[in-house]
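Enquirer: Take a look at the following structure, please.
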Amino acid sequence: MIKNYLLIAFRSMLRNKLFIIINIFGMGVAIACCIIGYFAHEYDTTFDHVHLNKDNIYRVSAVREFEKELTRVGYASFPLGELVDKTFPDVDKSSRFYNSWSNLKRDNDLFESNISYVDPEFFDVFSFEFISGSPKDLTDNTSIFISETMAVRLFRTAEEAFGKTITQVYGTELKEVKIAGVFAEPPMNSSFYKTKGEAFMNFNNYKDEFKNQPEDDWKHECTLFVQINDAGRINSVHQQLQAYRENNNKVREDFQVKEFALDPFATMADRDRADGVRSWTWPAPPKSAVIGSMVMGVLILLIACFNLTNTAIAISSRRLKEIGIRKVMGSMRMQLIVQFLSETIFICLLSLIVGLALADLLIEGWNNMWEYMRLTAHYFDSPGFLFFLLSVLLLTGILAGSYPAFYISKFEPVSILKGKLKFGGTNYFTRSLLGLQFAISLIAIVSAIGFLQNAQYQKKYDLGFDVRGSIVAWVNTESEFDTYRNSLQTNHNIQSIAGAQSGIFSNNGLEPVKFESKQAEVEVIEVGDNYLKTMDVKLLEGRDFIKDSKTDQQESVIITQKMVNLFGWDKALGKEIIWKDTVKLFVVGVVKDVYTSGLWREMEPMMIRYVLPNMYSEIVVSTTAEKASAVNVFMNEQWSKVFPNRLYNGYMMVSNMNEVNNVNINIVYMYVFLGAIAMMMSATGLFTLVSLNIIKQMKEIGVRKILGASMLNISRIVNIEFVIILAVASVLGSWMSYQMTNAIMGSIWKYYQGVNTMTFVVSISVLFAISFATIGYKVLGVARMNPVNTLRDE
């Protein structure tokens, strides 16, 4: 009997192979999207799970209170780490973590080092798989531990790299270090992952690179981790930390610590992402990328299920006599239900196989879209994933097959065999499914067009300075600045050169300022002569700094319009403000607002101070947007001549905006792909329902044709119902897409252009154009049909 059922199901599928293939492929793509959503969720929820001690590790974070608001940062002062190591008996192990700005050199080749300075217990606290060497050698100041990726870059193989000597380059100094160990690359969902490999050295090596940074200076910060194996001792460690708040607060007028907190490492990356916590470690990926993939996977899967439901009903209309005969021969209704459900589940099983085959391709495309996420397919080594696949199979089979199975199996055999049963047409259920299909399809179309519009909007967004023609590089001294500037002045494409201690995009901290009784935190940059002109920062009122002016260096300040608005000034010039509780400054100029967070976060009010050349650490070059790339290449070439032992560190400022544009375009690609799949399945569902409707109205259409009805009249009969469905779907889909698209954009950027009227006009036009093309194809066939064939009754 089972063999007979399988044979019947196979023959039925062959007779309707076009519809079946479309459904299998469409649902396969939907399942592949769900697989991506699963792996994206897994990637996010298993962040840092590679570290076996994760549940016992804590980061010491500083909590600051300013204007009754608490701010958490993932830093602790340098001396605190040594105090914890030596005087906290409740702490089992600890390690500081601090980034180096040095490079590595092998023979004449320079490489990015990505070195982090850590204490000897670092490899005991965190889990790294060593390919060669022993982590115990981290106590040696002349040893370096590198990842397999870096070993391959330097020596082609990890085995060849072990024991070799390479040169660490910082400033003008060179230091020979031995590769004492090579470890396997940590997964990308790790707080210590770096895109070009990573390396670790003993923390004491920072003294060689940062000679002006005393070990007992509480002003300098690192990230501090502690391991506490006994959960009952956590409160004790927390209380001991509070005794050192005063050490920080005595020397940090700008950063008064209210509390030292212990952040659980297992959830640290997630909190850093949500709260924008500053730290030396890698945060979890944006939540929007994870949730967006999951939501769209589910929506596409729903469309596929709805489409398969309508297709199953249409196919079953051709099997009425089979159903009638089987009922007469004694088949129970439950047997028919099981038969139809099994057939649907079998189609879903084929779709699942197709989905697994497509998933690898889609995952590769996904990884190319997001540089901060890399999903890895592992299908059969995870019980959770196998349970997920089984759940998807059963859910889709039952969801798509239940209604057709229960609906069709209820017919009486007498009505079927006498030919009195008029099967066909649409009902409220099938209309609702079709409407939801098109509403979801509209979400994808609106999202794609909306993000494309936003990309154009943000690409032209005025950041308050010339982001497209500016290039920045870092130098160490005034002498280096002068030497490098002189080498650049030979290029006629360079319009202007300036210096700064900390400029736009290079100062991430906020500092307190006070006017009378009102306090606020503002971003502070310190620039030299000609900086405003070079960066094309617009002066709204007042003046620029006077060259070599000691007065301007000591007490003058230029502020942005947002800072004027913050303090509610009608006339800002001449106003006296207090910086860091003690320094009096006077406003000499106001500039247009400057966006230093690249549209990602709220623009901060800015205060610009003046510094003399002996304080320069940046060199800023301006050129035209068209020449920026060529000038950057020229600067790289000159850097190699002036600083042969140092890797070029310059970058075009437009790269900050390129990331914004890349995010937009990647999301557009994603939604265009999903929208195309959704529309294909929705159009198939529409074609199916139009076919069912025509079956029910075939005699009426035949009579109308004999009486002289035109094609337009016949089209109106068939189309009017579907036009109403599309109109309702357009309203529902527009509301849903408005909410969803703006929510996604708002979670990514602070400054963006949400969907507008034009977005919906274009999207709905695309929806109706595809729908009418689908209906028109079927109606055209009916209009050409001989009415005699529809009215003959034998």
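Enquirer: How much FRET efficiency would the formula 1/(1 + (r/R0)^6) give for Asp230 and Asp124, where r is the Cβ-Cβ distance and R0 is 25 Å, rounded to 0.05?
Expert: Calculated value: 0.90.
Enquirer: Separation between the Asp275 and Asn53 pseudo-spin-labels, each 7 Å from Cα along Cα→Cβ, expressed in nm?
Expert: Spacing of the two 7 Å Cα→Cβ label points: 2.3 nm.
Enquirer: Using heavy-atom solvent-accessible surface (probe 1.4 Å) with all chains present, what is the largest-first order of Thr46, Thr167, Thr87?
Expert: Result of the area sort, largest leading: Thr87, Thr46, Thr167.
Enquirer: Moving on. Starting from the Kirkwood Rh over alpha-carbon pairs, what translational D in µm² s⁻¹ does the stretch 474-565 have by Stokes-Einstein at 37 °C and 0.692 mPa s?
Expert: Rounded, D is 214 µm²/s.
Enquirer: Can you bin every Cα-Cα distance in the chain into 10 Å intervals starting at zero and give me the percent of pairs per bin, rounded to whole numbers?
Expert: Using 10 Å bins, I get a P(r) of 2, 11, 16, 20, 17, 12, 9, 7, 4, 1, 0 for the chain.
Enquirer: Can I ask one more? Once you place label points 7 Å from the Cα toward the Cβ at Met334 and Arg245, how far apart are they in nm?
Expert: 7.0 nm
Enquirer: Here's something else I'd like to know. Using amide H atoms built 1.01 Å from N in the peptide plane, name the residues 5+ places from Met607, or on other chains, whose amide H lies under 5 Å from its own.
Expert: Those qualifying (amide H under 5 Å, at least 5 residues apart or on another chain) are Glu523, Val524, Ile525.
Enquirer: Given the DSSP H assignment, sum -39500 (n - 2.57) over each helix run of at least 4 residues in the chain and divide by its residue total; what's the result at 222 nm in deg cm²/dmol, nearest 500?
Expert: Counting only the DSSP helices, I get -16500 deg cm²/dmol.
Enquirer: For Phe210 and Val295, compute 0.36 nm times the residue count separating them, minus their Cα-Cα distance, and round to one decimal in nm.
Expert: Separation in residues times 0.36 nm, less the Cα-Cα distance, equals 25.8 nm.
Enquirer: Hey, another quick one. Just need log10 I(q)/I(0) for the stretch 549-689 at q = 0.16 Å⁻¹, Debye formula, equal scatterers on the alpha-carbon atoms, no solvent, rounded to two decimals.
Expert: Normalising to I(0) and taking log10 leaves -1.07.
Enquirer: Once the Cα atoms of the stretch 122-275 are picked out, what are the Rg and Dmax in Å?
Expert: Expressed in Å, the Cα Rg and Dmax of the stretch 122-275 come to 18.4, 51.
Enquirer: Round to the nearest 0.05 the FRET efficiency obtained for Tyr651 and Glu478 when R0 = 30 Å and r is the Cβ-Cβ distance.
Expert: After rounding to 0.05, the efficiency reads 0.85.
Enquirer: How many percent of the alpha carbon pairs in the stretch 54-113 exceed a separation of 15 Å?
Expert: Roughly 67 percent, rounded to a whole number.
Enquirer: When the chain is fully extended, how far beyond the present Cα-Cα distance does Leu349 get from Glu65, taking 0.36 nm per residue of separation?
Expert: Full extension of this stretch gives 96.5 nm more.
Enquirer: Go through the stretch 507-591 and name the GluC sites (Glu not before Pro) that are in a DSSP coil and have 13 or fewer other Cβ atoms within 10 Å of their Cβ.
Expert: Here the GluC sites (Glu not before Pro) that fit, given the DSSP loop and packing criteria, are Glu516.
Enquirer: Leaving out ligands, DNA and RNA, and with a 1.4 Å probe, what % of the accessible surface on the chain is carbon or sulfur?
Expert: 57 percent
Enquirer: Continuing with this model, one more query. When the chain is fully extended, how far beyond the present Cα-Cα distance does Asn368 get from Gln256, taking 0.36 nm per residue of separation?
Expert: Separation in residues times 0.36 nm, less the Cα-Cα distance, equals 36.0 nm.
Enquirer: Return, for the Cα atoms of the stretch 542-607, the radius of gyration and Dmax in Å, separated by a comma.
Expert: Here Rg and the maximum Cα pair distance are 12.6, 37 Å.
Enquirer: 5 Å is the cut-off here: which amide hydrogens, built 1.01 Å from N in the peptide plane, fall below it relative to Asn229, excluding neighbours closer than 5 in sequence?
Expert: Those lying under 5 Å, H to H, from Asn229 are Asp92.
The values are calculated or read from the model by the stated rules, or taken from the named source; none is laboratory data. What you see is a predicted model; the values in this text were computed from it and never measured. With ideal geometry, Cβ positions are generated from the backbone for all residues, glycine too; neighbour counts draw on all protein chains shown. For the accessible areas, the whole protein counts, side chains as well, though only heavy atoms, and no ligand, DNA or RNA atoms are used. Shrake-Rupley method; radii C 1.70, N 1.55, O 1.52, S 1.80 Å.
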